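Asks: Have a look at the structure that comes next, please.
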Amino acid sequence: MTDVTVEPGSILGVLGGGQLGAMFAVAARRLGYRIAVWDQDPDAPAHRQSDHSFTAAFSDLPTREHFARLVRAVTFEWENVPADLCEWLEERHRVRPSSSVLRIIQDRVKQKQFLHSNDLPVVPFVAIGAPDQLTEAVKQIGIPALCKTATFGYDGKGQWPIRQDSSVDEVARTLRTIERPAPRWILEQLIEFECELSVLVVRGTNGECRTYPVVENRHEQGILRMTLAPATVSVQVAARASDLARQAVVLLQGIGVFCVELFHTADDRLFINEIAPRPHNSGHYTLDACRVSQFEQQVRAVCGAPLGEVRQWSPAAMVNLIGAEAQAVASGQAFKGLLSLPGAVLHLYGKKVVRPGRKMGHVTFMAETSEAAAEPAHRLIARLAALSAVPPA
Ligand code: ATP
Ligand code: MG
């Protein structure tokens with residue numbers, strides 16, 4: 001496709017309608033674009049921010065035609081949308097990131113092989129094509145190890161740690177029960193890290209690359225709980241992490257917003273864990289603490305417009321509201337209390353169905369340093385535990 005800028009007034013298509021798609025739509029509409037959201041779930045948050053909503057299955061051919069006739073450029077809000085649909089759309093429109101980048105990223109094995117073959121540091125790994133190969137893979141990788149589904153994993157779902165010999169058969173049995181056509185897995189060395197970092201890299205049509213400050217992520221039960229922006233690591237570690245992230249995106253020739261997740265170990269090594277080809281939960285703080293948010297950058301990149309500044313106005317700490325926590329926060333005194341906290345910005349995604357582990361909203365705290373912002377963030381987490389134990393009125 002040509003490099004002509006897609007101008008405001010045009011309709012941008014977004015595949016997937018979760019909170020990332022919704023925040024993309026809000027940023028795009030502020031810049032004067034119209035939005036077509038395609039997500040099978042009619043309650044998906046992005047539908048409420050869209051000018052055109054599609055809820056058919058992604059395989060529905062008439063909907064593909066209709067969607068393609070309507071939009072001028074396309075992006076996706078998560079990596080598990082069908083790459084063949086992106087490829088089909090690509091013959092007609094600009095799709096950013098491209099389907100070839102998507103194909104590498106949506107398969108953990110291909111992604112790790114890509115990084116490894118380009119000399120970027122990743123933890124030792126082995127591909128597993130069938131459950132019977134697990135025992136041999138464990139021999140190669142050693143224990144502890146982490147078995148992950150090669151495709152369709154998110155928020156730590158589809159992962160099985162192996163911490164002792166006796167778990168190998170147990171995990172192999174679990175893998176045999178998976179009914180998806182031709183499932184595959186990856187076995188990684190389970191490493192002990194000091195902290196998890198992530199870096200948002202924005203790359204434009206002309207190859208220009210901009211990198212947001214390195215942030216630090218804390219997980220609970222495989223789900224992101226808190227992000228500190230910037231990370232509390234040394235300037236040197238941040239610079240190395242930032243360099244690795246930029247290299248990965250340049251090597252991919254990715255155009256759009258990418259989030260590179262890394263592990264930093266006590267002996268000062270960095271490993272790339274994975275790359276998300278889209279805005280990321282750890283970049284939500286950019287909405288409130290940066291001049292241009294990750295979602296606006298996605299709009300700019302998909303439209304072939306100049307990239308925005310990645311400057312951070314204020315250090316921040318972001319806390320996810322997970323499952324019933326959002327209901328607790330939205331009700332009565334808790335809601336008023338949270339809105340009255342200086343330096344706190346509340347985002348609720350308006351999801352109707354609450355499920356344990358589902359991301360329902362987030363709160364960004366801003367202060368003089370990210371550690372200072374983390375203090376009220378920790379207090380909120382402590383209160384959430386108490387609040388969400390009480391059923392909403
Ligand atoms: P998300 O959607 O949160 O990014 P995911 O399901 O795509 O998660 P990963 O990011 O690979 O999966 O793993 C989730 C978390 O599990 C990581 O953030 C990290 O805490 C832990 N983890 C993953 N791989 C390893 C590893 N090799 N060694 C140690 N911990 C790991
Ligand atoms: Mg991850």
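Asks: Using the crude model of +1 on Lys and Arg Cβ and -1 on Asp and Glu Cβ, and no other charge, please compute the dipole size for the chain relative to its Cα centre, in debye to 20.
Replies: 840
Asks: Which whole-number value in Å³ per residue fits the convex hull of the alpha carbons of region 239-393?
Replies: Residue-normalised Cα hull volume stands at 147 Å³.
Asks: If you don't mind, another one. With a 10 Å Cβ neighbour count serving as the proxy for reagent exposure, in which order, fewest first, do V37, V363, V122 appear?
Replies: Taking fewest neighbouring Cβ atoms as first place, the list is V122, V363, V37.
Asks: Please identify every one of the GluC sites (Glu not before Pro) in region 1-96 that sits in a loop by DSSP and has no more than 12 other beta carbons within 10 Å of its own beta carbon.
Replies: Sites meeting the loop and neighbour criteria: E91.
Asks: Starting at 0 and stepping by 10 Å, how many percent of the alpha carbon pairs of region 287-329 end up in each bin?
Replies: All Cα pairs, binned at 10 Å, distribute as 25, 33, 28, 14, 0 percent.
Asks: Let me ask you something else. Per residue and in cubic angstrom, what volume does the convex hull of the Cα atoms of region 121-236 have?
Replies: With only Cα atoms used, region 121-236 gives 151 Å³ per residue.
Asks: Kyte-Doolittle mean at least 1.0 and Cα extent at least 24 Å along the axis: which DSSP H helices of the chain qualify?
Replies: Span-like helices, by this rule, are absent here.
Asks: Scaled to the compact-protein estimate 2.2 N^0.38 Å, what is the alpha-carbon radius of gyration of region 198-309, rounded to two decimal places?
Replies: Relative to the 2.2 N^0.38 Å estimate, region 198-309 comes out at 1.01.
Asks: What order do you get for W313, W88 when you list them from fewest to most C-beta neighbours inside 10 Å?
Replies: Placing the least packed residue first, the sequence is W313, W88.
Asks: Where does the chain land on Rg(C-alpha)/(2.2 N^0.38 Å)?
Replies: Compared with the compact-globule rule of thumb, the chain sits at 0.98.
Asks: Ok, one more. Taking 7 Å along the Cα-to-C-beta vector as the label spot, tell me the W313-D132 distance in nanometres, rounded to one decimal.
Replies: Between W313 and D132, the label points sit 6.1 nm apart.
Asks: Which one, A372, A36, A316, has the greatest fluctuation when you compute a Gaussian network model over the chain with C-alpha springs under 10 angstrom?
Replies: With Cα springs under 10 Å in the chain, the top fluctuation among A372, A36, A316 is at A372.
Asks: Another one. How big is the equivalent ellipsoid of region 331-393 along its three axes, where each semi-axis is √(5λ) from the Cα gyration tensor, reported in whole Å from largest to smallest?
Replies: They are 22, 13, 12 Å, listed from largest to smallest.
Asks: OK, next. What share of all Cα pairs of region 124-189, in percent, falls into each consecutive 5 Å distance bin?
Replies: Final binned percentages: 4, 19, 35, 27, 12, 3.
Asks: Here's a follow-up. Hey, how many Å between the Cα centroid of region 12-48 and the Cα centroid of region 250-322?
Replies: Rounded to whole Å, the Cα centres lie 19 Å apart.
Asks: Which of the residue pairs K110/K351; K157/K351; K112/K352; K110/K157; K139/K359 have a Cα-Cα distance greater than 29 Å in the structure shown?
Replies: Violating the 29 Å limit, Cα to Cα: K110/K351; K112/K352; K139/K359.
Asks: Run the numbers on region 314-393 and let me know its relative contact order in percent, using alpha-carbon pairs under 8 Å that are six or more apart.
Replies: About 46 percent, as a whole number.
Asks: Considering Cα pairs under 8 angstrom that are at least six residues apart, work out the relative contact order of the chain and quote it in whole percent.
Replies: 14
Asks: Also: Select from A239, A326, A28 the residue whose mean-square fluctuation is largest in a Gaussian network model of the chain (Cα-Cα springs shorter than 10 Å).
Replies: For the chain, modelled as a Gaussian network with Cα springs under 10 Å, the answer is A239.
Read-outs throughout are calculated quantities, based only on the coordinates presented, and are distinct from any laboratory measurement. Note that the coordinates shown come from a computational prediction; the quantities given were computed from them, not determined experimentally. Counting neighbours? That spans all protein chains shown, and the Cβs are built from the backbone with ideal geometry, glycine included.
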